[in-house]
Each structure stands twice: as C-alpha cells, then as structure tokens.
Amino acid sequence: MTQWRKEHPQATWAEIEAAVDERINQLRAQLIQDVVQMGETQQWSEMPQEERPRCATCGKPLAARGKQTRFIQTTGGEAVKVTRIYGTCPQCGGGFFPAFMSS
Ligand SMILES: [Zn+2]
C-alpha cells in the first residue's frame with residue numbers, strides 16, 4: 001500500500017477504502033486458493049476406496065481421469081484457480097469435478 005499511497009497522494013477516503021478492499025479481496029482469493037490446493041496433493045490411487053470421492057448419482061467410488069482446472073468466484077469478486085482431479089463413475093459413466101459447493 002505504501003507504493004499506492006505515493007502514487008495517489010491526493011486520494012480521498014473513499015478511494016483509499018476501495019484500494020484497500022481490492023487488496024484484501026486479492027489476498028483473500030490467494031489464501032482460499034492456497035488452502036484448497038493443500039488438499040489436492042494426494043493421488044486418488046493412494047487413497048483407500050472408501051475415502052475416494054463418490055459418484056453423486058449412484059455412490060460408486062470415482063476413477064481418476066487426470067486433472068482439470070476451474071475458476072471459482074469468491075464472494076470478494078476475485079476468481080480462484082482450482083486444479084483438481086477429475087473423476088468418472090465406472091458404474092453410470094458420469095463425470096465429476098469434485099466441488100465444494102456440493103458437499
Ligand atoms: Zn455413478
């Protein structure tokens with residue numbers, strides 16, 4: 001913020017608030033991303049079957065099908081990049097990107 005203040009010596013209270021909010025939202029998104037990715041280091045193949053993500057339709061453990069990246073919007077308006085293992089169901093053929101919204 002020091003640099004921003006130097007570049008905006010005449011900033012109004014509202015402008016300062018907006019600039020601080022923007023940085024907080026960016027920091028928030030970064031923290032969310034870090035926390036989310038912490039849980040993504042373990043390979044499904046190393047997990048016991050009962051702990052693997054399950055099919056939302058029939059409940060069978062999903063088979064890993066590589067990784068996919070999605071962008072999830074935070075409430076602060078920033079997009080968080082999430083790379084997760086994408087799975088398909090061996091039973092019904094459904095494809096799933098295990099999300100947090102559904103759990
Ligand atoms: Zn299924």
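Of the residues in the range 31-54, at least one is closer than 20 Å to Lys81 by Cβ, touching a Pro at 6+ places or on another chain (Cβ under 8 Å) and in contact (Cβ under 8 Å) with a residue 12 or more places away in the chain.
In the set (1) in contact (Cβ under 8 Å) with a residue 60 or more places away in the chain; (2) not in a helix (DSSP H, G or I), the condition left unmet by Lys81 is number (1). Restricting the range 41-98 to residues that are within 13 Å of the ligand (Cβ to nearest atom) and among the basic types (Lys, Arg) leaves a set whose member that is least open to solvent (accessible area, probe 1.4 Å) is Arg52. Which residues, counting only those in the range 55-78, are in contact (Cβ under 8 Å) with a residue 12 or more places away in the chain and either more than 30 Å from Leu27 (Cβ to Cβ) or touching a Pro at 6+ places or on another chain (Cβ under 9 Å) (or both)? The answer is Cys55, Ala56, Thr57, Cys58, Lys60, Pro61, Leu62, Ala63, Ala64, Arg65, Gly66.
The values are calculated or read from the model by the stated rules, or taken from the named source; none is laboratory data. Keep in mind that what you see is a predicted model, and the values were worked out from it rather than measured. Glycine gets a Cβ as well: all are built from the backbone with ideal geometry, and neighbour counts include every protein chain shown. The accessibility values were calculated without ligands, DNA or RNA, using every heavy atom of the protein model including side chains. Shrake-Rupley method; radii C 1.70, N 1.55, O 1.52, S 1.80 Å.
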